[in-house]
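Just so you know, all these numbers are worked out from the coordinates, no wet-lab data involved. Keep in mind that this is a model prediction, so the values were computed, not measured. Glycine gets a Cβ as well: all are built from the backbone with ideal geometry, and neighbour counts include every protein chain shown.
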Amino acid sequence: MPKLNKQELHNLAMNIVGKDLEDNGYEFLGVNSKLKRNPQFVALKESKLHFVIVRAIEYPDDPAAFDPAFMKEIKEHAQKFNARTFYAGVGLANSSDYEKPITSDEDYIVNYSGWKEF
């Protein structure tokens, strides 16, 4: 049972948020799935630019928690493009035992309540 690495967990979170954005009518102008590259999504809706920061958060950490200094930096960058800034934390846990790592051949639980404007 290979444990998912940080990049694989990040890709999982990106897929969840990307589908949510798509379902809500956002058009992707840029997608960056590499770790430590921000923002993950540059999307357009109603002629307005949106920067979306995605984070995969493993249990027991809180997916709603974020680094305010980092988000302030992203928001300042987004303002140069007249863009809105959003944070999307995706909580992930092994479905059979929250204390176990998430693996490629076991189910997982998602704790995701959408993206929040910063």
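Quick notes on this structure:
- For the pair LEU49 and ARG37, label points projected 7 Å from Cα toward Cβ lie 1.8 nm apart.
- The range 1-50 versus the range 76-118: alpha-carbon centroid distance in Å: 10 Å
- Straight-distance candidates among the lysines for linking to LYS3, with alpha-carbon spacing under 30 Å and chain neighbours fewer than 8 residues away dropped: LYS19, LYS34, LYS36, LYS100, LYS116.
- Each label was represented as a point 7 Å from its Cα along the Cα-to-Cβ direction; for SER113 and MET71 these points are 1.2 nm apart.
- Rounded FRET efficiency, nearest 0.05, which uses the C-beta distance separating TYR98 from LEU29 and R0 of 41 Å: 0.65
- Antiparallel content of DSSP bridges confined to the chain, in %, to 5: 65 percent
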